[in-house]
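What follows is a set of notes on a single structure, which appears directly below.
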Amino acid sequence: MTVQWTRKDLVGLQDLSAGEIELVLDTAKSLQEISLRPIKKVPTLRGRTVANLFFEPSTRTRISFELAEKRLSADTIHVAGSTSSTVKGETLIDTIRNIESLKVDMMVVRHSASGAPHRLARMSDVSVINAGDGINEHPTQALLDMFTIREKKGKLAGLKIAFVGDILHSRVARSNMWGLTRLGAKVIVCGPKTLLPPKVEAFGVEVTTDLKEAIQDADVINLLRIQSERQAQSYFPSIREYANSYQINSEVLKHAKPGLLIMHPGPVNRGIELSSDVMDGPYSVILDQVTNGLAVRMAVLYLLSGVRAKVEKE
């Protein structure tokens, strides 16, 4: 059965079916070649306006969305938390309502509060895309991770994919766990016990504090940054001790499975979760992730624009 995209928003992967996830990945594949053209632009979103609302710092995600919008010929406006009226006491809801009154078609929202994009999606007629909310989800990052794995391995089902690092505070890990398990991958999460969420097994994943166990026979290792900015307390004695136990380096990878992929959502703290030689070595597909993020975000914008067009006609 052919799956059609019928959702107004993309706020997470938790509620998406396997078919919907595959539709995004297949659409991204068809849009990849746009970036290889001499003129890297198509008129798909001409006449539509996308508002990028980033209330948290971002480099890769923000630039990727901006470029995806330009590739599709959308008009864009950009609002940063530090320069918005929220610093003067205006509520997020009032800020969004003011932007909505300008008749934008889509909003890309990053916010430190878990659930913020979900609330905005419920109260707004505008299509909302979650660009990362607190420690909840980061759906487009997980989609580009899955796209990269599928592109390199030809499949997702049956692969062993290990996530190593700060699982507790990682919205990337949460979205990936929802998506990868739904598509048949075997997922294992690894980190200090203090950085593993309670009842994380409910995601359908395996859990360990032993790095060797996590990466044994792994097809993919996805490293996660220690998110000190989200930690109100210390979850381990020192960064040095963490690196000694959980850093992925050439020594750790001596017996790696052939064709292993090393991934990281960025930004990377070189010498902590990942050594420079591995980051810049043959296993790494970190820059491929960045490249693929553009196609995936183009796909999301394209699919949501189709739903909005149908609503407008009705």
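The values are calculated or read from the model by the stated rules, or taken from the named source; none is laboratory data. Computed from a predicted structure; not experimentally measured. No Cβ is skipped: glycine too gets one built from the backbone with ideal geometry, and neighbour counts run over all protein chains shown.
Among (1) over 20 Å from the mean Cα position of the chain (by Cα); (2) aliphatic (A, V, I, L, M); (3) in a loop (DSSP other than H, G, I, E, B), which single condition is Leu13 missing?
That leaves (1) as the condition not met.
Against the definition (within 17 Å of Gly306 (Cα to Cα), touching a strand residue (DSSP E or B) at 6+ places or on another chain (Cβ under 6 Å), buried (at least 17 other Cβ atoms within 10 Å of the Cβ) and assigned by TED's automatic domain parsing to the domain that holds Pro117), how does Val50 come out, yes or no?
yes
With among the β-branched types (Val, Ile, Thr) and in a helix (DSSP H, G or I) as the only criterion, which of Val296, Val268 stands out? Please lay out each step first, then the result.
Values: Val268 fails: in a helix (DSSP H, G or I).
Every option except Val296 fails the conditions.
Within the range 6-26, can you find the residues that are of a type outside the set (Gly, Ala, Ser) and surrounded by fewer than 18 Cβ atoms within 10 Å (Cβ to Cβ)? Full working, then the answer.
Quick first cut of the range 6-26, residues of a type outside the set (Gly, Ala, Ser) only: 6-11, 13-16, 20-26.
Across the range 6-26, the qualifying residues are Thr6, Arg7, Lys8, Gln14, Asp15, Glu22, Asp26.
Hey, any hits in the range 54-70 for a residue that's of a type in the set (Asp, Glu), crowded, with 17+ Cβ neighbours inside 10 Å and at pLDDT 95 or above? Before the answer, list the steps.
Residues of the range 54-70 of a type in the set (Asp, Glu): 56, 66, 69.
If we keep only those that are crowded, with 17+ Cβ neighbours inside 10 Å as well, we get 56, 66, 69.
Now restrict to residues that are at pLDDT 95 or above: 66, 69.
The answer is yes; a qualifying residue exists.
Check whether at least one residue in the range 226-236 is over 19 Å from Glu273 (Cα atoms) and within 19 Å of the chain's Cα centre (by Cα), and report yes or no.
no
Could you say whether any residue in the range 86-107 is free of Cβ contacts under 8 Å to residues at least 60 places away in the same chain, of a type outside the set (A, V, I, L, M, F, W, C), under 27 Å from Asn176 (Cα atoms) and in contact with a Ser or Thr (Cβ under 9 Å, 6 or more places away or on another chain)?
The first filter runs over the range 86-107 and keeps only residues free of Cβ contacts under 8 Å to residues at least 60 places away in the same chain, leaving 86-104, 107.
Applying the additional criterion that residues be of a type outside the set (A, V, I, L, M, F, W, C) yields 86, 88-91, 94-95, 97-98, 100-101, 103.
Still in the list and also under 27 Å from Asn176 (Cα atoms): none.
Taking every residue of the range 86-107 in turn, none turns out to be free of Cβ contacts under 8 Å to residues at least 60 places away in the same chain, of a type outside the set (A, V, I, L, M, F, W, C), under 27 Å from Asn176 (Cα atoms) and in contact with a Ser or Thr (Cβ under 9 Å, 6 or more places away or on another chain).
Tell me, please, whether a residue that is exposed (fewer than 13 other Cβ atoms within 10 Å of the Cβ) and modelled with pLDDT under 95 can be found in the range 29-36.
Within the range 29-36 (the criterion being exposed (fewer than 13 other Cβ atoms within 10 Å of the Cβ) and modelled with pLDDT under 95), the answer is yes, since at least one residue qualifies.
Which of the strands (runs of 3 or more DSSP E) found entirely inside the range 137-228 contain at least 2 residues meeting this: assigned by TED's automatic domain parsing to the domain that holds Ile248 and in contact (Cβ under 8 Å) with a residue 24 or more places away in the chain? Explain how you work it out, then say what you get.
On the way: elements: 160-165, 186-190, 206-208, 220-224.
So the answer is 160-165, 186-190, 220-224.
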